[in-house]
Amino acid sequence: MTHSKKHALIVGASRGLGLGLAETFLRRSWRVTATRRGAAPGLESLEAQGVRVEAVDIDDDASVTALHERLAGERFDLIFVVAGIVMESDQPLHAVSRAVHAQIFLTNAVSPILFAEAFRDRLAPGSTLAFMSSVLGSVGLNTEGGWENYRASKAALNTNARSFAARHAARDFGVLLLHPGWVATDMGGEGADLDVETSATGLADVIEARAGRTDLAFLDYRGETLPW
């Protein structure tokens, strides 16, 4: 495996879409570094195929710093922060504890941006910084409510990513907020519209088609623009 290949860092690849993205970019002959927080048998099985597996907890500054140091000298054509959580999202906002709200906002809306700040010096010119967002994060499309704390955390992620992009207006990399569709994962459930392979393939297509662009966009897995 040569270092002339494009290199992706998939953050949160233990299972589901993160794992699917690691597999997809590997099939496309990218070098892949993928992270897990805990045990991840599916991801670890990819090590034999050349995936570099690292551990990180994006909610832990020391863990992020340690990963940054372990990856010293590496440059990435893609950093995709997939990591996120769902907790009591079937409950209305007032029925969920403050502690749960705080954890969801930290993990889904704040920690991805802190990770991006720590790793932006690892992005190659013309590369892409992507965050896993959701159509539920669109304020304009929120006409029915539901999934209140998760929806709010993704709207906050979108806002924070826009602030990040504005703060780094002179950047030489693109910033994407990506909606994967409703996918049959532990988070999406069995009644979802898409399987992981379809969503991951679409997301990878979108990322590869936008290589070299330095703008900001909120898109779905088909490349269609979503309203903020």
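Couple of notes before you dig in:
- Contact order relative to length of region 124-213, as percent, for alpha carbon pairs under 8 angstrom and 6 or more apart: 38 percent
- Distance in nm between pseudo-label sites at Leu106 and Asp90 (7 Å out along the Cβ direction from Cα): 2.5 nm
- Given their separation in residues at 0.36 nm each and the Cα-Cα distance between them, Ala118 and Glu224 gain 35.2 nm when the chain is fully extended.
- Share, in percent, of DSSP beta bridges within the chain that are antiparallel, nearest 5: 5 percent
- The long axis of helix 148-167 is offset from the longest Cα principal axis of the chain by roughly 50 degrees.
- Semi-axes of the equivalent ellipsoid for region 1-121, Cα gyration tensor, largest first, Å: 28, 16, 11
- Highest average packing first - 145-153, 174-182, 118-126, Cβ atoms within 10 Å: 174-182, 145-153, 118-126
- Region 19-67, Cα convex hull volume normalised per residue, Å³: 73 Å³
- Remark: the chain carries 46 Å² of accessible area per residue (probe radius 1.4 Å; ligands, DNA and RNA excluded).
- Between the helical axis of 61-70 and the longest alpha-carbon principal axis of the chain there is an angle of about 20 degrees.
- Binned Cα-Cα distances of region 108-228, short to long, each 10 Å bin given as a whole percent: 13, 43, 35, 8, 0
- The chain - percent relative contact order, Cα under 8 Å, separation 6 or more: 19 percent
- Stokes-Einstein translational diffusion, the chain - Kirkwood Rh over all Cα pairs, 0.890 mPa s, 25 °C, in µm²/s: 139 µm²/s
The values are calculated or read from the model by the stated rules, or taken from the named source; none is laboratory data. Everything numeric here is computed off the predicted structure, so don't read it as measured data. All Cβ positions, glycine included, derive from the backbone under ideal geometry; neighbour counts span all protein chains shown. Heads up: the accessible areas ignore ligands, DNA and RNA and are worked out on the full protein's heavy atoms, side chains in. Shrake-Rupley method; radii C 1.70, N 1.55, O 1.52, S 1.80 Å.
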